[in-house]
1. How big is segment B:60-127 in terms of Cα radius of gyration and Dmax, in angstroms?
2. List the residues of segment A:176-208 that lose 40 Å² or more of accessible area once all protein chains are present, compared with their chain alone (1.4 Å probe, heavy atoms only, no ligands or nucleic acids).
3. Short version: which residues of segment B:94-123 lose at least 40 Å² of accessible area, all chains versus chain alone, 1.4 Å probe?
4. Carbon and sulfur: what percent of chain A's accessible surface (1.4 Å probe)?
5. Taking R0 as 56 Å, what FRET efficiency do you get between residue A:2 and residue B:82 from their Cβ-Cβ distance, rounded to the nearest 0.05?
6. With a 1.4 Å probe on protein heavy atoms only, work out how much accessible surface A and B bury together, total over both chains, in Å² to the nearest 100.
7. Nearest 10 degrees, 0 to 90: what angle lies between the long axis of helix A:92-107 and the longest principal axis of chain A (Cα atoms)?
8. Starting from 0.36 nm per residue, how many nanometres of slack lie between residue A:30 and residue A:18 once their C-alpha separation is accounted for?
Amino acid sequence: MTTVPDSTTGRRLTARGVRTRAKIVTAAADLMYVRGVGATTLDDVIAASGVSKSQLYHHFAGKEPLVRAVIDLTGERVIQREVESLTRVSTMAGLRRWRNALVRTNALQHGAYGCALGSLASEVADHDEVARLALLRLFAEWQNLLQDALRRIQDSGAIPASASVETLAVGLMASLQGGYMLAQTAHDVTPMATSLDMALSYIEGLAKV
Amino acid sequence: MSFSSQLAATGLDRRARRVADSVTRVVDFPSLLMWRGWVVTDPLTRELLGELARSTPASAARNAFIDAWRGRLAAAVRRTLEASAVSEERTEASLDPDRIALTIIAALHGGAMLSRLARDNGALEAALDIALAPLVAAVEPQRLRGEPQGHRPSMGG
């Protein structure tokens with residue numbers, strides 16, 4: 001029987017164990033996305049995932065390691081989505097399409113839940129150093145994708161060579177995350193759209209300075 | 001329930017008042033720059049931003065505070081543009097005081113989150129500078145020529 005190591009406990013898992021663990025983490029991620037980390041209990045996760053209490057504790061000693069696994073899963077999903085959408089961006093028009101896709105998706109729920117990764121960062125980074133570092137790495141990876149896209153735009157001449165794409169990527173990420181948070185507070189995607197539009201206008205305007 | 005009592009009910013009262021009041025000090029471009037320097041290190045603002053970021057679900061009081069803050073910031077932007085004699089005929093969206101106000105709040109929110117993550121103020125400063133850039137461009141464009149100013153943010157990884 002082939003086994004793989006459990007990334008949380010290090011113990012070997014059978015294929016069934018892998019599936020059970022995935023069910024738990026997926027259910028936890030969905031609950032925490034909608035209700036927040038603080039408001040989600042292990043009992044909630046047990047109920048939503050359909051696993052037993054002993055199965056959950058076999059994989060996760062407590063809430064903290066489960067939250068870390070949720071960060072890993074959420075990070076994987078977000079980075080995969082961003083790799084797909086940002087690696088094809090090499091013009092301002094492409095950057096606007098990236099903006100449109102994010103705004104449209106968020107509009108479906110009227111901004112209700114914010115950025116999956118950003119929400120985790122807001123709730124968890126102060127309390128768990130391991131989680132903070134994992135989130136920092138994920139945001140750095142996302143920011144690098146943005147930076148690469150901006151560099152391609154810069155290489156084509158649409159952004160001046162004197163502009164720091166690193167700084168622009170940080171600013172764009174901050175506008176995006178702030179926009180997500182304001183949309184969540186207002187239950188309306190408009191602040192996210194405005195925030196992103198102002199950031200993109202700023203970037204476009206650099207060429208005219 | 002009045003806005004004040006709503007705020008008091010959420011415990012945001014003292015910090016929210018101070019953060020919103022600080023904006024009334026902005027009456028022209030120099031005072032705007034001073035406010036910018038102050039806000040990136042003000043602990044109450046950071047605390048408030050942290051709490052707003054963690055607020056799920058959204059509450060009426062928090063919404064009311066963000067609206068009030070945005071209104072105060074928009075008024076500050078108007079005063080800055082007037083004091084610098086920026087022509088009222090300039091109607092571009094990037095100079096709209098309400099939009100700039102929202103952009104500032106989003107930059108503070110997102111920048112504070114990223115800075116908290118990195119334990120480094122760089123993200124907050126970069127974000128805020130970008131949000132204020134349209135004002136700087138209208139009032140003192142020579143500031144924007146050449147390399148962008150400010151601390152280069154460090155993100156790990």
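The values are calculated or read from the model by the stated rules, or taken from the named source; none is laboratory data. Only a predicted model underlies this, so the values are computations on that prediction, with no experimental measurement involved. In this analysis, Cβ positions are derived from the backbone assuming ideal geometry, glycine residues included, and neighbour counts consider all displayed protein chains. To get the accessible areas, we keep the full protein, side chains included, count just its heavy atoms, and leave off ligands, DNA and RNA. Shrake-Rupley method; radii C 1.70, N 1.55, O 1.52, S 1.80 Å.
1. For segment B:60-127, the Cα-based Rg and Dmax read 14.2, 43 Å.
2. Residues losing area: A:181, A:182, A:184, A:185, A:194, A:198, A:202.
3. Residues passing the criterion (a loss of at least 40 Å², heavy atoms only) are B:99, B:102, B:103, B:106, B:109, B:113, B:114, B:116, B:117, B:119.
4. On the way: 4890 of 9190 Å².
Its accessible area is 53 percent carbon and sulfur atoms.
5. On the way: r = 72 Å, r/R0 = 1.29.
Calculated value: 0.20.
6. On the way: alone 10960 and 8770 Å², together 16200 Å².
By this definition, chains A and B bury close to 3500 Å².
7. Helix A:92-107 and the main axis of chain A meet at about 40 degrees.
8. Details: separation 12, 0.36 × 12 = 4.32 nm, distance 1.82 nm.
Full extension of this stretch gives 2.5 nm more.
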